[in-house]
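Presented below is the structure to which this report refers.
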Amino acid sequence: MIGILVLNGLAIAVAAVIAAQILPSRMYTDALTILHNTIGISPPTEQNARMVALLWIGSLLLITDVLLFMLVFLTHMMR
């Protein structure tokens, strides 16, 4: 449980740093380009990189939390 809270806190902190433009855009633009090239989709432009990074973080956080909730819920219901 503490691990989930730490993961959420770190993801929210990274998203806040990106949203506040404290982190240089080059750092997450390169990561997004590598991620998009690996998946096989076109990378975002420099102007859209911040919003795309926030969408990736939010989407991954939501998917992870829902899956972990379902795991805990289902294991509790099967007792």
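Side notes on the structure shown:
- Across the range 2-77, C-alpha contacts under 8 Å between residues 6 or more apart give a mean separation that, scaled by the residue count, equals a relative contact order of 33 percent.
- Here VAL17, VAL66 are placed in order of increasing Cβ neighbour count within 10 Å, fewest first, which gives VAL66, VAL17.
- Helix 2-19 and the long axis of the chain differ in direction by around 20°, with both axes built from C-alpha atoms.
- Ranked LEU55, LEU71, criterion: other C-beta atoms within 10 Å, fewest first: LEU71, LEU55
- Residue-normalised convex hull volume from the C-alpha trace of the chain: 98 Å³ per residue.
- Relative to the longest principal axis of the Cα atoms of the chain, the long axis of helix 25-39 lies at roughly 70 degrees.
- Cα-based helix-to-principal-axis angle, 49-77 vs the chain, degrees rounded to 10: 10
- Net +/- balance of residues flanking SER25 in space, Cβ distance below 13 Å, scoring K and R +1, D and E -1: 0
Taken together, the values in this text are just the output of simple stated rules run on the coordinates, not laboratory data. Fair warning: this is a prediction, and the values are worked out from it, not measured in the lab. When we count neighbours, we look across all protein chains shown, and the Cβ atoms used for this are built from the backbone with ideal geometry, even at glycine.
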